[in-house]
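Below is one structure, written out as structure tokens; the observations come after it.
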Number of protein chains: 2
Amino acid sequence: MTCYADLAPSSRRIMTPGPVEVDPRVLRALSYPILGQFDPEFTALMNETMEMLRLLFRTGNKWAYPVDGTSRSGIEAVLTSLIEPGDRILIPIYGRFGHLLQEIAERVGGEVTTIEKPWGTVFDPEEVIAAIDRVKPELVIMVHGETSTGRIQPLEAIGRECRRRDILFVVDAVATIGGVPVETDEWCMDAVIGGTQKCLSVPSGMAPVTYNSRAEKKVLARKRIERGLRIPQVSPASPDFMLSEAEQRSYIRSNYLDLSQLQDYWSPSRLNHHTEMTSMLYGLREGLRIMLQEGLEARFQRHRLHERALIAGLQAMGASLYGDPSCKLPVVTCVNIPDGIDGESVRGMLLEKFGIEIASSFGLLKGRIWRIGTMGYSCRRDNILQLLGALEAVLLRHGVCLPAGEAVQAALHVYDEEASPQAAV
Amino acid sequence: MTCYADLAPSSRRIMTPGPVEVDPRVLRALSYPILGQFDPEFTALMNETMEMLRLLFRTGNKWAYPVDGTSRSGIEAVLTSLIEPGDRILIPIYGRFGHLLQEIAERVGGEVTTIEKPWGTVFDPEEVIAAIDRVKPELVIMVHGETSTGRIQPLEAIGRECRRRDILFVVDAVATIGGVPVETDEWCMDAVIGGTQKCLSVPSGMAPVTYNSRAEKKVLARKRIERGLRIPQVSPASPDFMLSEAEQRSYIRSNYLDLSQLQDYWSPSRLNHHTEMTSMLYGLREGLRIMLQEGLEARFQRHRLHERALIAGLQAMGASLYGDPSCKLPVVTCVNIPDGIDGESVRGMLLEKFGIEIASSFGLLKGRIWRIGTMGYSCRRDNILQLLGALEAVLLRHGVCLPAGEAVQAALHVYDEEASPQAAV
């Protein structure tokens, strides 16, 4: 039988838009012995996680808990639970992950209308509001931070207008949560999906979601109680097996991603559903604890600082940034690949020789831009400085003409300014 | 702001039918720094995991990989991908998890017919085959090991007859995989779902699945390429947005649990789908590695040995076992709660005072039986002996009349016999 080697992953600086490096305290939490899923000690940890998620999402919502799957599972859970087949859905798209929302919304039966902006830009809220009045949708679904293009969409005006029209507003904040402000209540967002493997620096595997009573009302209207749990008798002919007409018409077509069942599992009744991912929950709780220790505002400022240093370094190197700067996503910086340079060769050399990973992009941007993430635990001074030095060396090796040494100095200057604003002037 | 305490889970012996204690080597693997999902070092680990899963499932199938979610996500992925709305489905049910299969199959649009056996028994294969000839289903879906009742269903004859009739045979082996023999190819099972948090002793969070080319054919016939990935142009009016009639008719209604997309992600093309759960994949790989080091056959024998010791101890204590002994699931032992005893009080005292967790059951068995799991890393001599001693003490404390001291001695006798068959006689 083949012998498989001991696990021994190489050291990596991960500067992609996710997954990013995991805080060592989160890694330690993952390694703790597990508790049973209904052990009171474990359910207390679940409840604490819900409390901390409410602080992360800046919401008073009752429901804030992780869906047990990667970020995409959280998006599908919200969409499959909130979209009734035939519902009119408006999805404004300005990058790859907007198409994913369309993809999922259509699969679960929504009648989707999209509007699109060229990649590299975002919508003026008025454009979205005009489309809302044209389409008259039941739901508006949008991406907050689009990692494929490195853009961030202002949401507050759209949320307010959706609320005035009694439309549900659903937001994919996978890339932004914990890195830039996400104001669930203030921006009138009815359901928000976050990610763990980006600005929270917890491994991929859970998708924190929150939704308010407006969204819950629709979820509960489509609720169907699981068989195995609603049968008091053995007999299959029992009337408990009969479904009401409403249940037959519109009930939620997933069991695993059914928010009505998930919230029962996360409620004091702890109605059995899946077996909670114990170790991942440990990791998420620790990631949230670290975030609250740092403080949300301080965390956002840290992300802004390292973004400034990175941009200063890239510009000193002569690199050109992709996209409209007025809507740049602070935690992802997109760089135009210089003409005649093989972007994948640069990425490969960075990874192999320097142990640093950056990303390419998708679709029409594939081979045209690099994407550099500055998220969560990866968003650190040593990472920025090492990346700039390594990228310079790799570009020189690829024959790019650039002012050697300038990039790291420019970034150091930003850090000096931050440490002592007077002295640096 | 509330201050959340350091994570410090209490020591537990987890003797439920899952989740069970995690092998310390798996916990260590979870704590290793992560790699990017497309890092060649990581994709090599993914490929090794597929190889080891084929050995676990005893199959030559091309496809054997984890779905990123708890066991239930694997079941739903297989069912939503293989069941076309309107398909006739036969589900023989002999416990709670059979009802779950029915629940999911109906939600995804199957026309489900069930046959049922009283809880505590299983089907004679002939009964299932007769139902197959009556119902003429496209799929037969069954549970292999039913943890709610502690029974195991013989599958080989059913699989053979399904194959002869060109019916797809899908098996939920969540509770049995890695603890008792599961012969995917020999028993003619077209798709099998395993679990991690039971006999593999990896935390809940991934669902290993395997399926053969017969199942894949149906999956591919229902494949729809994801938007964001199939659009070469920005324009939404591009013909690439049009769907063929076949696609419109029957495509898979989940994106996250779509096996056609998952297999592209696990293939050499690595087509982007979700962000693989890096840490969980480390854990699964390590759990599989440990399993192969022990050897499947030795592992099955270990589970049998500790089951024998547990049963000897329980019987010496005067406990009565629930269900038909001829179809007892080796890794779950169900005990009738003595008349007049509050089962939850006994469980609570075991957990609080002794740090040992056992389970209750569901539906009509709630409050009537305890379920003791002997799975994976939890299936150890020290656990069996400590549980028997603790259970005896707790039952005495609850006023049960029993021959004190006998249970542990009886179990020790089984272990002595095993160590030295001659001496013990």
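The values are calculated or read from the model by the stated rules, or taken from the named source; none is laboratory data. Note that this is a predicted model, so its numbers are computed, not measured. Reconstructed Cβ throughout: ideal geometry from the backbone, glycine too, with neighbour counts over all protein chains shown.
Quick notes on this one:
- Options B:Val182, B:Val140: the member that is β-branched (Val, Ile, Thr), assigned to a strand (DSSP E or B) and not assigned by TED's automatic domain parsing to the domain that holds B:Val335: B:Val140
- Taken over the stretch A:1-26, residues that are of a type outside the set (Asp, Glu), under 18 Å from B:Arg28 (Cβ atoms) and either in contact with a Phe, Trp or Tyr (Cβ under 7 Å, 6 or more places away or on another chain) or surrounded by 23 or more Cβ atoms within 10 Å (Cβ to Cβ) (or both) amount to 4.
- B:Gly36 facing another protein chain (nearest Cβ under 7 Å), touching a Lys or Arg at 6+ places or on another chain (Cβ under 8 Å) and within 30 Å of B:Leu391 (Cβ to Cβ): no
- Hey, A:Arg249 more than 9 Å from every other protein chain (Cβ to nearest Cβ) and at pLDDT below 85 or not: yes
- Cβ-Cβ contacts under 8 Å between residues 6 or more apart (or on different chains), taken from a first residue in the stretch B:43-62 that is at positive phi to a second residue that is surrounded by 21 or more Cβ atoms within 10 Å (Cβ to Cβ), are listed as B:Arg58/B:Val182; B:Arg58/B:Thr184.
- The set of residues from the stretch A:185-209 being part of a loop (DSSP other than H, G, I, E, B) and away from chain B (no Cβ under 12 Å) comprises A:Asp185, A:Glu186, A:Trp187, A:Cys188, A:Met189, A:Asp190, A:Cys199, A:Leu200.
- Residue within the stretch B:183-197 that is in contact with a strand residue (DSSP E or B) (Cβ under 9 Å, 6 or more places away or on another chain), closer than 28 Å to B:Glu21 by Cα, surrounded by fewer than 24 Cβ atoms within 10 Å (Cβ to Cβ) and not aliphatic (A, V, I, L, M) present: no
- Given (1) crowded, with 21+ Cβ neighbours inside 10 Å; (2) away from chain B (no Cβ under 14 Å); (3) in contact with a Lys or Arg (Cβ under 8 Å, 6 or more places away or on another chain), number of the condition A:Asp324 does not satisfy: (1)
- Note on the stretch A:366-416: residues that are touching a Pro at 6+ places or on another chain (Cβ under 7 Å) and closer than 12 Å to A:Ala319 by Cβ total 1.
- Any chance B:Ala77 is farther than 30 Å from A:Tyr377 by Cβ and at pLDDT 95 or above: yes
- Scope the stretch B:69-85; condition out of contact with any helix residue (DSSP H, G or I) (no Cβ under 6 Å at 6 or more places or on another chain) and either assigned to a strand (DSSP E or B) or among the acidic types (Asp, Glu) (or both); matching residues: B:Gly69
- Search result, residues across the stretch B:86-104 that are at the interface with another protein chain (Cβ under 10 Å from one of its Cβ atoms) and either assigned to a loop (DSSP other than H, G, I, E, B) or acidic (Asp, Glu) (or both): B:Gly95, B:Glu103
- Taken as a whole, the structure leaves B:Gly313 outside the set of residues that are of a type in the set (Gly, Ala, Ser) and assigned to a loop (DSSP other than H, G, I, E, B).
- Residue within the stretch A:125-135 that is in a helix (DSSP H, G or I), surrounded by 22 or more Cβ atoms within 10 Å (Cβ to Cβ) and basic (Lys, Arg) present: no
- When the stretch A:1-20 is filtered for residues that are closer than 18 Å to B:Pro40 by Cβ and in contact (Cβ under 8 Å) with a residue 24 or more places away in the chain, the ones remaining, listed by number, are A:Ser10, A:Ser11, A:Arg12, A:Arg13, A:Ile14, A:Met15, A:Thr16, A:Pro19.
- Residue pairs whose Cβ atoms lie under 8 Å apart, sitting 6 or more positions apart in sequence or on different chains, and linking a residue in the stretch A:96-109 that is in contact (Cβ under 8 Å) with a residue 24 or more places away in the chain and within 12 Å of B:Arg224 (Cα to Cα) to a partner that is surrounded by 24 or more Cβ atoms within 10 Å (Cβ to Cβ) and acidic (Asp, Glu), are A:Ile104/A:Glu76.
- Taken as a whole, the condition of being away from every other protein chain (no Cβ under 14 Å) and of a type in the set (Phe, Trp, Tyr) does not apply to A:Tyr282.
- A:Pro403, sole failed condition from (1) out of contact with any helix residue (DSSP H, G or I) (no Cβ under 8 Å at 6 or more places or on another chain); (2) not in a helix (DSSP H, G or I): (1)
- Qualifying residue in the stretch B:58-72 (condition: in contact with a Pro (Cβ under 6 Å, 6 or more places away or on another chain), β-branched (Val, Ile, Thr) and crowded, with 24+ Cβ neighbours inside 10 Å): no
- Entry remark, the stretch A:331-388: residues being in a loop (DSSP other than H, G, I, E, B) and away from chain B (no Cβ under 11 Å) number 13 in total.
- Some residue of the stretch B:73-81 being in contact with a Ser or Thr (Cβ under 8 Å, 6 or more places away or on another chain), more than 9 Å from chain A (Cβ to nearest Cβ) and crowded, with 24+ Cβ neighbours inside 10 Å: yes
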